[in-house]
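Okay, structure first, notes after.
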Amino acid sequence: MPDEVIDHAPLEIADLINRVLDKGAVIAGSVTISVADIDLIQLDLTIVLTAIETVRSRERRAREDPSGHVSVLRAQ
Amino acid sequence: MATYLYCVRSDVTTVPAGLTGVDGTAVRAIDAVGMAVWVSDVSDAAIAPTVERIKQHDAVCAAALAVGDTPVPIRFGQTFGDEAAATTAIASRQATLRQRLERVSGCVELRVVVTHGHEGDGNEDSGSKEAGSSASPIVSAEGPGTAFLRRLAREGRADLAREIGCEEIRHAIRSSAEPLVVDQLRCESARGLAFFPVLVRRPNVSAFRSAVHEILLSQRIALSVLGPFAPYSFAGDA
């Protein structure tokens, strides 16, 4: 395990959204959620995921190829 | 005014004074065929999801978890025309809801989130670092599976390495901490996270975290244990 200080805030937000939007009992009624169409959530998630993946990418870039070549990550 | 739902519980517990939910609306409890449902009145039946509203919804479920027995949390965004319509809908699903309430009684949800899948330090021969540690009975840091995961990580497949690492950890936990686990679900990958939910009894939360820590001593997977939460993942589709 690397000794590193991890800011858990983005992780917790992403987990919160996964948990509250995707899980829980469905009673029906007027359900406003269609996860694929949530612009605001997607916007916020983009920020969260960018924060996570940017750090990872920088680490990986420095580690794998000092010349600057970067492997392509999965598109979110 | 529309009625917005947060959670269902089997015990009659007073809603904490001043508790607010979505858009700052006051939370109250209504009775539905003997179950207590925490709701609030919202001006519009169409509650568009925002991070703030999701936090507000979760805060109500967390407050419900903090008092009395474990509630069944309801998924974000469910509103009914009025209280009577909500009560009728709850009543129509009472058998399933009671079954869910019984399932989660006395328990909380923890979520094991894998943040790195064997890619933590990028050191090719660092597997030897674990030589003196206690190896998991399920996963060896020296095994071919680990080598495969390292290769994925080197190739930039962090997502896949994370998902496979998540499943490895899940099996290791199931093996080593089984007495502490009431239930667990398979790994999922969503929105950039690989995770799996675990249902544990409230008094066992610390013991479970300790067990995970012990398992991690022999692993090269970085993860976080989040929670305790109301058991969203075990509420099922009532």
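The values are calculated or read from the model by the stated rules, or taken from the named source; none is laboratory data. From a predicted model like this one, the values you see are computed outputs, not experimental measurements. As a convention, Cβ positions derive from the backbone with ideal geometry for all residues, glycine included, and neighbour counts pool all protein chains shown.
Does B:Ala63 count as more than 10 Å from chain A (Cβ to nearest Cβ), at pLDDT 95 or above and either within 16 Å of the chain's Cα centre (by Cα) or crowded, with 20+ Cβ neighbours inside 10 Å (or both)? Yes: the conditions hold for B:Ala63. Does B:Asp31 satisfy the condition of being outside the structural domain of B:Phe229 (by TED's automatic domain parsing), in a strand (DSSP E or B) and in contact with a helix residue (DSSP H, G or I) (Cβ under 9 Å, 6 or more places away or on another chain)? In short, yes. When segment B:15-36 is filtered for residues that are more than 25 Å from the chain's Cα centre (by Cα) and among the small types (Gly, Ala, Ser), the ones remaining, listed by number, are B:Ala17, B:Gly18, B:Ala26, B:Ala32, B:Gly34.
For B:Ser224, are the conditions met, namely being among the hydroxyl-bearing types (Ser, Thr, Tyr), closer than 20 Å to B:Gly106 by Cα, modelled with pLDDT of 85 or more and not assigned by TED's automatic domain parsing to the domain that holds B:Pro71? Considered against the rule, which asks whether it is among the hydroxyl-bearing types (Ser, Thr, Tyr), closer than 20 Å to B:Gly106 by Cα, modelled with pLDDT of 85 or more and not assigned by TED's automatic domain parsing to the domain that holds B:Pro71, B:Ser224 comes out as no. Would you confirm whether any residue within segment B:34-57 is within 11 Å of chain A (Cβ to nearest Cβ), assigned to a helix (DSSP H, G or I) and in contact with a strand residue (DSSP E or B) (Cβ under 8 Å, 6 or more places away or on another chain)? Yes, segment B:34-57 contains a residue that is within 11 Å of chain A (Cβ to nearest Cβ), assigned to a helix (DSSP H, G or I) and in contact with a strand residue (DSSP E or B) (Cβ under 8 Å, 6 or more places away or on another chain). In segment B:1-28, of all residues being outside any strand (DSSP E or B) and of a type in the set (A, V, I, L, M, F, W, C), the one that is farthest from B:Ala84 (Cα to Cα) corresponds to B:Ala17. Here B:Leu101 clears all of (1) assigned to a helix (DSSP H, G or I); (2) over 25 Å from B:Pro197 (Cβ atoms) except the condition numbered (2).
Determine whether B:Phe229 is modelled with pLDDT of 90 or more, assigned by TED's automatic domain parsing to the domain that holds B:Val114 and under 11 Å from B:Val112 (Cβ atoms). The answer is no for B:Phe229. If you take the residues in segment B:69-96 that are more than 7 Å from chain A (Cβ to nearest Cβ) and within 19 Å of the chain's Cα centre (by Cα), which one is surrounded by the most Cβ atoms within 10 Å (Cβ to Cβ)? Among those residues, the one meeting the criterion is B:Pro71. Looking across segment B:217-238, just one residue is in contact with a Leu (Cβ under 7 Å, 6 or more places away or on another chain), within 8 Å of chain A (Cβ to nearest Cβ) and farther than 27 Å from B:Leu97 by Cα, and that is B:Ser224. Taken over segment B:190-206, the criterion of being surrounded by 18 or more Cβ atoms within 10 Å (Cβ to Cβ) and small (Gly, Ala, Ser) is satisfied by B:Gly192, B:Ala194.
For segment B:158-180, filtered to residues that are without any contact (Cβ under 8 Å) to a residue 40 or more places away in the chain and in contact with a helix residue (DSSP H, G or I) (Cβ under 7 Å, 6 or more places away or on another chain), the residue that is nearest to the other protein chains (Cβ to nearest Cβ) is B:Ala177.
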